Number of protein chains: 2
Amino acid sequence: MDLEAVRTFVAVVEAGQFQKAAIDLSVTQQAVSKRIATLERDLCVRLFTRTQRGAELTIDGQAFLPRARELLRVAERALASVHPGSRPLRVDVLNSRGAASGLMRGFHRAHPEIDLDVVMLFEIETAVTAIRSGAIDASFRAVAAPGRPLPEDIESVRVLDEPLQLLTGPAHALAGARSVTVAQLAGHRIWMPGIVPGTEWAAYYDDLVAEFGLTIEATGPNFGSDALLDTIADTPTLATFMGEHTRLIWPAGHGLRRIPVTDPMPVYPHSLLWHRDNPHPALATLRAHLAATVAGHDAAGSWTPDWAAPH
Amino acid sequence: MDLEAVRTFVAVVEAGQFQKAAIDLSVTQQAVSKRIATLERDLCVRLFTRTQRGAELTIDGQAFLPRARELLRVAERALASVHPGSRPLRVDVLNSRGAASGLMRGFHRAHPEIDLDVVMLFEIETAVTAIRSGAIDASFRAVAAPGRPLPEDIESVRVLDEPLQLLTGPAHALAGARSVTVAQLAGHRIWMPGIVPGTEWAAYYDDLVAEFGLTIEATGPNFGSDALLDTIADTPTLATFMGEHTRLIWPAGHGLRRIPVTDPMPVYPHSLLWHRDNPHPALATLRAHLAATVAGHDAAGSWTPDWAAPH
DNA sequence: CTTAGTGAACAACGGATCGTTGTGAGGAGC
DNA sequence: GCTCCTCACAACGATCCGTTGTTCACTAAG
């Protein structure tokens, strides 16, 4: 099925006859006839009944028409998604199931008319470069990792303090606890294979380890969230950290437990980063939406690294 | 932009390298390279960064990927919409703003997983032929016009009795009435240019005219609903009938009035028609949905033609 | 340092496709 | 019967597409 043929099909429907459609498309009537014939051959159905005064849709053609229009619309949007100028707002998130993703879903619900593209970069340097070049419009990050202050032309605002929770399998020693203190975690193995050295969230966990004497293992290949959950569920001695807003998808029966952590409650500081001079109109809308909907977290009793001082 | 190129793009993303994608697609690596190069030229952006171990998505590529996948999904569904076998449920309605259309919207809300195609045929004979041939799965009609009983292999069930309302402009003599009786309408001109002779709704209005001595004019070309509403709004001597559930879209300020008709209340009998042997699984779901959600109308005080005796 | 292996791009060739011109069939209106 | 209008079929030329053959860049092993 060729998009050009689909476009021709819609043109014939709108013109009512092959001849006019040919003029609209700046080709000959014979070319239109051929394209429609090819499309009909590809679909194995007759789309028009040819009459003396033009072409009328068959029932199959009527059923196909809205699909064809949708196809062209989607193709149009796909094209727009990579075109500079007034392309969709392009936002970078840490991963597709994290808190930032949830914030973007909320934004999309509040402003369904704004076209969005979500991408995932890994390092904050990459993100900053992309923001500077205009390749992306905004990024959710934990800003200002130690020794690496944000450049002057990049602005940021704290949008979410996300408490961490402990994730354990049903056989874990802490599985029955309603909440655990950081001190209680000192002897346990915490496994986070997804962590990428050099990123700002690696720095976050490094600080957490250093301050409270935890044992976090980032060893082993990262086979993705599913494999991690499988292992956690089956292993009584392993646990992992997970943001409170992280959306998990696991098979029923795993018996995984999410346990709040207290004394202090470790919170992950999400900020929105953007370029000072970015003119994208939807960027202002996003910032206004986040400012309006995201409630600040109570700083008392919670912990963040020094470099991410509470606002 | 070529669909085959988009398919190749997704294949490369999934394979991680051109070579593997080429094997998956049963073409040579050079062909894949060319297709991607052509796509990148069409889009004016680089989609992959070529490395020694394959190809990685650029930011533009990441943004384009979900659009590409959607495009292929929509193309798949467009193809399925004309393929016999397990194609979408195809239902015929009288017009896109009528009561049947509203019923189908309700069905879609209740069963969003069921793929639907809505078409519009004009004559009940066409609809019956289409139902018999399997070209459509069901049709909303007023069944059993006089002298034309339904064939034995077509089944039907009454699904909605829709009261008619009078639609007038602000200057019409009846514009201020909260309701009008059929007897009051006797002297007024009622204009229904959309009516098509030979259809079962033409028969309905013929009976209405004959029984109550009304004046219904079906003359003049039908320029569509918008033109009809414009004329009605501006003309103090013209009115028209409209189903209670018909969705009207008119510019603000027209001052159109919808006035219930009583003594008796003319109701239009909508039935669902389908073929006895149609095996489409969604057809049973539709029938069950309609049976469950559509409340019967009180027959007392209402009027339908003799040939559409109340259930 | 050399050599084998891997992954992608460039060049050239043969076949298929696409759009064009030219022509014919089939009705509707005068 | 004539013209006008519609669309379909045939033949030809240009373009596009995929293939084979080859080169380039880089990595890993000896």
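Pairs linking a residue in segment A:13-28 that is under 16 Å from residue A:57 (Cα atoms) to a residue that is polar (S, T, N, Q) and within 11 Å of DNA strand D (Cβ to nearest atom), with Cβ atoms under 6 Å and 6 or more positions apart or on different chains, are A:18/A:29; A:18/A:33; A:19/A:29.
Apart from one condition, residue A:91 fits all of (1) among the aliphatic types (A, V, I, L, M); (2) within 14 Å of chain B (Cβ to nearest Cβ); (3) out of contact with any Asp or Glu (no Cβ under 6 Å at 6 or more places or on another chain); (4) in a helix (DSSP H, G or I); the exception is (4).
Scanning segment B:109-125 for residues that are at pLDDT below 90 and surrounded by fewer than 22 Cβ atoms within 10 Å (Cβ to Cβ) yields B:120, B:122, B:123, B:125.
In summary, residue B:60 fulfils each of the numbered conditions (1) modelled with pLDDT of 95 or more; (2) closer than 23 Å to residue A:89 by Cβ with the single exception of condition (1).
Looking at the structure I just gave you, is residue B:128 farther than 25 Å from residue B:241 by Cα, within 14 Å of another protein chain (Cβ to nearest Cβ), open to solvent by less than 50 Å² (accessible area, probe 1.4 Å) and modelled with pLDDT of 85 or more? Working first, answer last.
Values: farther than 25 Å from residue B:241 by Cα: yes; within 14 Å of another protein chain (Cβ to nearest Cβ): yes; open to solvent by less than 50 Å² (accessible area, probe 1.4 Å): yes; modelled with pLDDT of 85 or more: yes.
Spelling it out, residue B:128 is indeed farther than 25 Å from residue B:241 by Cα, within 14 Å of another protein chain (Cβ to nearest Cβ), open to solvent by less than 50 Å² (accessible area, probe 1.4 Å) and modelled with pLDDT of 85 or more.
Which of the residues that make up segment B:1-23 are surrounded by 16 or more Cβ atoms within 10 Å (Cβ to Cβ), more than 9 Å from DNA strand C (Cβ to nearest atom) and more than 14 Å from chain A (Cβ to nearest Cβ)? Within segment B:1-23, B:8, B:11 qualify.
Output yes when any residue across segment B:43-51 is touching a residue at least 24 places away in the same chain (Cβ under 8 Å), of a type in the set (A, V, I, L, M, F, W, C), more than 24 Å from residue A:71 (Cα to Cα) and surrounded by fewer than 20 Cβ atoms within 10 Å (Cβ to Cβ), and no when none is. Yes - at least one qualifying residue is present in segment B:43-51.
Return the residue satisfying two criteria in turn: it lies in segment A:24-38 and is more than 7 Å from DNA strand D (Cβ to nearest atom) and in contact with a helix residue (DSSP H, G or I) (Cβ under 8 Å, 6 or more places away or on another chain), and of such residues it is most open to solvent (accessible area, probe 1.4 Å). First the steps, then the outcome.
Initially, segment A:24-38 is screened for residues more than 7 Å from DNA strand D (Cβ to nearest atom), giving A:24-28, A:31-32, A:34-35, A:38.
Now narrow it down to the ones that are in contact with a helix residue (DSSP H, G or I) (Cβ under 8 Å, 6 or more places away or on another chain): A:24-25, A:28, A:31-32, A:35, A:38.
Details: A:24: 109, A:25: 52, A:28: 81, A:31: 30, A:32: 0, A:35: 66, A:38: 58 Å².
Within segment A:24-38, the match that is most open to solvent (accessible area, probe 1.4 Å) is A:24.
Restrict the check to segment A:97-108 and report whether at least one residue is modelled with pLDDT of 90 or more, assigned by TED's automatic domain parsing to the domain that holds residue A:278 and in contact with a Ser or Thr (Cβ under 7 Å, 6 or more places away or on another chain). Yes, the conditions are met somewhere in segment A:97-108.
Of everything listed in (1) within 9 Å of chain A (Cβ to nearest Cβ); (2) within 16 Å of DNA strand C (Cβ to nearest atom), the single unmet condition for residue B:40 is (1). The set of residues in segment B:39-80 being of a type in the set (S, T, N, Q) and either more than 16 Å from DNA strand D (Cβ to nearest atom) or touching a helix residue (DSSP H, G or I) at 6+ places or on another chain (Cβ under 8 Å) (or both) consists of B:58, B:62. If only residues of segment B:63-85 that are open to solvent by 10 Å² or more (accessible area, probe 1.4 Å) and within 7 Å of chain A (Cβ to nearest Cβ) are counted, the one that is nearest to the chain's Cα centre (by Cα) is B:77. For residue A:68, indicate whether it is under 23 Å from residue B:66 (Cβ atoms), in contact (Cβ under 8 Å) with a residue 40 or more places away in the chain and not assigned by TED's automatic domain parsing to the domain that holds residue A:291. Answer is yes for this residue. Being modelled with pLDDT of 90 or more and more than 10 Å from chain A (Cβ to nearest Cβ) is not true of residue B:54.
Yes/no per residue for (1) surrounded by 19 or more Cβ atoms within 10 Å (Cβ to Cβ); (2) charged (D, E, K, R); (3) part of a helix (DSSP H, G or I):
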site	(1), (2), (3)
A:228	yes, no, yes
A:233	yes, no, yes
A:239	yes, no, no
A:242	yes, no, no
A:245	no, no, no
A:249	no, no, no
A:267	yes, no, no
A:277	no, yes, no
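The values are calculated or read from the model by the stated rules, or taken from the named source; none is laboratory data. Every value quoted in this text rests on a predicted model; they were computed, and no experiment measured them. For neighbour counting, all protein chains shown are included, and Cβ atoms are generated from backbone atoms with ideal geometry for every residue, glycine included. These accessible areas exclude ligands, DNA and RNA; they are computed on the full protein's heavy atoms, side chains included. Shrake-Rupley method; radii C 1.70, N 1.55, O 1.52, S 1.80 Å.
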